[in-house]
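Take a look at the structure below.
The values are calculated or read from the model by the stated rules, or taken from the named source; none is laboratory data. These numbers come from a predicted model, not from an experiment. We work out accessible area using only protein heavy atoms, side chains counted, and drop any ligands, DNA or RNA first. Shrake-Rupley method; radii C 1.70, N 1.55, O 1.52, S 1.80 Å.
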Amino acid sequence: MKSNIKRLQLVFLGLFLAGSASVFTYHYLWVWPKARCEARGPDHAWAGKWMKCATIMPLEVLTMKRSTTLPPINTDPRKMEARAAK
């Protein structure tokens, strides 16, 4: 009986250490990088499939094709509000 208790103690200690290591690994690889990415501001997004922090860009910037009849791209909301007020 005494040897069974000692073995169970070791099994539970091993399960506890494995669980603690897996929780720490999950936070280190997923939770903390996602929080850092979201803290960078609204122009960054977390791409969970690739586990990368991506900068959000309009399609026109990437393709370099924007019609000359359209107004220029403006990301400053204060300027957009001033234009709408006029």
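Things to note:
- Heavy-atom accessible surface of the range 25-69: percent carbon and sulfur, 1.4 Å: 63 percent
- Extension gain (nm, one decimal) between E38 and V11, 0.36 nm per residue minus Cα-Cα: 5.8 nm
- In terms of accessible area, using a 1.4 Å probe and ignoring ligands and nucleic acids, W50, W30 rank largest first as W50, W30.
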